[in-house]
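**Student:** Shown below is the structure under consideration.
The values are calculated or read from the model by the stated rules, or taken from the named source; none is laboratory data. Note that the structure is predicted; figures quoted are calculated from it, not measured. Quick reminder, even Gly has a Cβ in these numbers, built from the backbone with ideal geometry, and neighbours come from all protein chains shown. Areas reflect the complete protein model, heavy atoms only, side chains present, ligands, DNA and RNA absent. Shrake-Rupley method; radii C 1.70, N 1.55, O 1.52, S 1.80 Å.
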Amino acid sequence: MIKPKKLKRGDAVAIVSLSSGTAGDEAFRHRYEQGKKRLEEVFGLKTVTMPNALKGSEYLAKHPEARAKDFMDALKDKNIKGIICNIGGADTIRLLPYIDFDVI
């Protein structure tokens, strides 16, 4: 088992939406903004919101490959020290065909 190093102030973390796209929906966007602000101000982390993370429920429901791309790109980026999901859930299973397990 590979244990990741503990996150420290100044580390970059990727924000992804692996299941639902609600973080990008108007009704829930404030929750994303509040969480991002806390990660930055309380924990001193640099947040990197991946390109598809806030495209909304409708788009992300139709495009599991976009969700998987964000995840894979975050894993491949050596500057990213952690990955934080806006939301997880049962629909994450649809990413499996698009995951490169050799990277993981």
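**Student:** Might you tell me the accessible area per residue for the stretch 9-104, computed with a 1.4 Å probe and given in Å²?
**Tutor:** Value returned for the stretch 9-104: 59 Å² of accessible area per residue.
**Student:** Across the stretch 56-65, in residue order, what do the Karplus-derived ³J(HN,Hα) couplings come to in whole Hz, using 6.51 cos²θ - 1.76 cosθ + 1.60 with θ = phi - 60° and x for Gly and Pro?
**Tutor:** x, 4, 4, 5, 5, 5, 8, 9, x, 5
**Student:** If eta is 0.890 mPa s and T is 25 °C, what Stokes-Einstein diffusion coefficient results for the stretch 39-104, Kirkwood Rh from Cα pairs, in µm²/s?
**Tutor:** 190
**Student:** Whole angstrom only: what separates the Cα centroid of the stretch 15-29 from the Cα centroid of the stretch 49-101?
**Tutor:** 11
**Student:** Can you give me the relative contact order of the chain as a percent, contacts being Cα pairs under 8 Å and 6 or more apart?
**Tutor:** Value for the chain: 40 percent.
**Student:** Loop only by DSSP, 13 or fewer other Cβ within 10 Å of the Cβ. Give me the GluC sites (Glu not before Pro) in the stretch 1-48 that pass, ordered by residue number.
**Tutor:** Passing both the DSSP loop test and the Cβ count: E26.
**Student:** Given N residues in the stretch 5-77, what is Rg(Cα) / (2.2 N^0.38 Å)?
**Tutor:** On the way: Rg = 12.6 Å, N = 73, 2.2 N^0.38 = 11.2 Å.
The reported ratio for this selection is 1.13.
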